[in-house]
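The values are calculated or read from the model by the stated rules, or taken from the named source; none is laboratory data. Quantities reported herein were computed from a predicted structural model and do not represent experimental measurements. Neighbour counts are summed over all protein chains in view; Cβ atoms, including those assigned to glycine, are modelled from backbone coordinates with ideal geometry.
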Amino acid sequence: MGAEEGDWSVVAEGLTKRYGDHLAVDHLDLAVRRGTVLGLLGPNGAGKTTTVRMLATLTRPDGGRASVGGHDIRREPERVRRRIGLAGQHPAVDEILTARQNLRMFGRLFHLGRAAAHTRAEELLAAFSLAEAADRQVKGFSGGMRRRLDLACSMILAPGVLFLDEPTTGLDPRGRGEVWEAVRGLAATGTTVILTTHYLDEADRLADRIAVIDHGRKITEDTPAGLKRAVGGARVEVVVADPAGLPAARRAVARVAGAAGPAMDEEALRVHAGVDDGVGALTEVARALQAEGTAVADIGLRRPTLDEAFLRLTAGGAA
């Protein structure tokens, strides 16, 4: 496995790491296609960060093997490091310097010549929408701008693989959106991104595939939609405007419900049931309620969330 095979940027087989009696990563297998985003999800202590550290050659594995960017992480760590970028949980930029100065400094640290470092800095300022703020001190940046600059610094050598460990921790919704846009742009240009996150909506929006890890082992891997389907299909949900409408709502939903039948929450004035043909079932329920003259506060087709899938897969572990 010393060479990159086909379209795979990262391949790991049986990757294992132990700290004393604690097995942090337990024979983990991964295969990440070039130009895609893989989300690593798991409860605290599941082994996500340890996995990233091994693949980034910061921690030596105790067992198994892996290649990143076509190079073996044990035998060729220096070559791996030339092919990757890494952005940890906390930005590594200098707050006293300007954005432009930070990028030029990182360029020189990566052994680019003066002219090349200056040219690369201008490219990254434009790519991460930081050109207008290029000569401002970083200490005056918003959280999202600071994180985008940190991502830009990790891209100095245009790495084929970028590791992001909790990239939006502590950011407000605007800042998170700015980072998400930057990550999508990187993947669109062919960079492979491996993302660890506690925000399940982040993984849902960004990841092409998600690997769920618990107690150091990979439980499952699928697309976000596939993981959600694994916990059940769509359900029709009706909330009536008055308690007197609950019997009619129950009858209407029962017409389309699966074998389990409808469930009713009298306090919330809600009736719901799993269905196979979501749109068809919703249409039929709406017509039945209209025919009976039942006043409805809300009606809709609900789909499982990634949160539900995650909690089911990890037996209720916290994200």
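Considering segment 12-29 alone, what residues qualify as being of a type outside the set (S, T, Y) and surrounded by fewer than 21 Cβ atoms within 10 Å (Cβ to Cβ)? Within segment 12-29, E13, G14, R18, G20, D21, H22, L23, D26, H27, D29 qualify. If I filter segment 149-168 for residues that are free of Cβ contacts under 8 Å to residues at least 12 places away in the same chain and under 28 Å from G45 (Cα atoms), do I get at least one hit? Looking for residues that are free of Cβ contacts under 8 Å to residues at least 12 places away in the same chain and under 28 Å from G45 (Cα atoms), one finds none in segment 149-168, hence no. Just the residues that are modelled with pLDDT under 95, part of a loop (DSSP other than H, G, I, E, B) and among the aliphatic types (A, V, I, L, M), please, taken from segment 73-95. The answer is A92, V93. The requirement of being outside any loop (DSSP other than H, G, I, E, B), within 24 Å of the chain's Cα centre (by Cα), farther than 14 Å from G160 by Cα and free of Cβ contacts under 8 Å to residues at least 60 places away in the same chain is fulfilled somewhere in segment 19-36, by at least one residue. In summary, A254 fulfils each of the numbered conditions (1) over 14 Å from E284 (Cβ atoms); (2) without any contact (Cβ under 8 Å) to a residue 24 or more places away in the chain with the single exception of condition (1). Taken together, the residues in segment 31-48 that are closer than 29 Å to L311 by Cβ and surrounded by fewer than 21 Cβ atoms within 10 Å (Cβ to Cβ) amount to 6.
Pairing each residue of segment 171-196 that is in contact (Cβ under 8 Å) with a residue 12 or more places away in the chain with any residue that is in a helix (DSSP H, G or I) and among the hydroxyl-bearing types (S, T, Y), provided the two are 6+ apart or on different chains, yields C-beta distances under 9 Å for I194/T51; T196/T49; T196/T51.
Residue selection: T223 satisfies the criterion of being among the polar types (S, T, N, Q), over 22 Å from G45 (Cα atoms) and under 33 Å from the mean Cα position of the chain (by Cα). Every listed requirement among (1) more than 13 Å from the chain's Cα centre (by Cα); (2) farther than 20 Å from A31 by Cα is met by K218 save one, (2). Among the residues of segment 77-104, the one identified as without any contact (Cβ under 8 Å) to a residue 12 or more places away in the chain and farther than 30 Å from A66 by Cβ is Q101.
With respect to the conditions (1) at pLDDT 95 or above; (2) over 12 Å from A249 (Cβ atoms), A297 falls short on a single one, namely (2). Of the residues screened, R108 is one that is surrounded by fewer than 21 Cβ atoms within 10 Å (Cβ to Cβ), more than 25 Å from T36 (Cβ to Cβ), among the charged types (D, E, K, R) and touching a helix residue (DSSP H, G or I) at 6+ places or on another chain (Cβ under 6 Å).
So in segment 195-215, with the set limited to residues that are outside any loop (DSSP other than H, G, I, E, B) and charged (D, E, K, R), which one is farthest from E266 (Cα to Cα)? This residue is R209.
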